[in-house]
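In what follows, a structure is listed as structure tokens, so that the remarks can point back to it.
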Amino acid sequence: MSEIDWVRIINDLKISGLMQKDIAKSVGCAEPTISMLRSGKRGKRIPMKLGNRLIDLHWERCVERRFQ
């Protein structure tokens, strides 16, 4: 199983126009959690619910827009 690159996901979301506080609010976590994911200090083991929400947000903001 490959590891998910949370740093890239957070950076992509920021490039799409979201600030860290917006990302945190959208996925239901604290802003410091997003900051730690972005810096690589956290990420190997995050709650599945948070991971799924980040992946869904990334899909909506970054991936789907590439196909439109």
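Within the set ILE4, ILE34, the sole residue that is under 11 Å from the mean Cα position of the chain (by Cα), of a type in the set (A, V, I, L, M, F, W, C) and at pLDDT 95 or above turns out to be ILE34. The set of residues in the range 22-48 being without any contact (Cβ under 8 Å) to a residue 12 or more places away in the chain and part of a helix (DSSP H, G or I) consists of ASP22, ALA24, LYS25, GLU31, PRO32, MET36, MET48.
The residue that is modelled with the highest pLDDT, counting only those in the range 41-51 that are surrounded by 12 or more Cβ atoms within 10 Å (Cβ to Cβ) and of a type outside the set (A, V, I, L, M, F, W, C), is GLY51.
The values are calculated or read from the model by the stated rules, or taken from the named source; none is laboratory data. Bear in mind that the values here come from a model prediction, so they are computed numbers and not experimental data. Neighbour counts run over all protein chains shown; Cβ positions are idealised from the backbone, glycine included.
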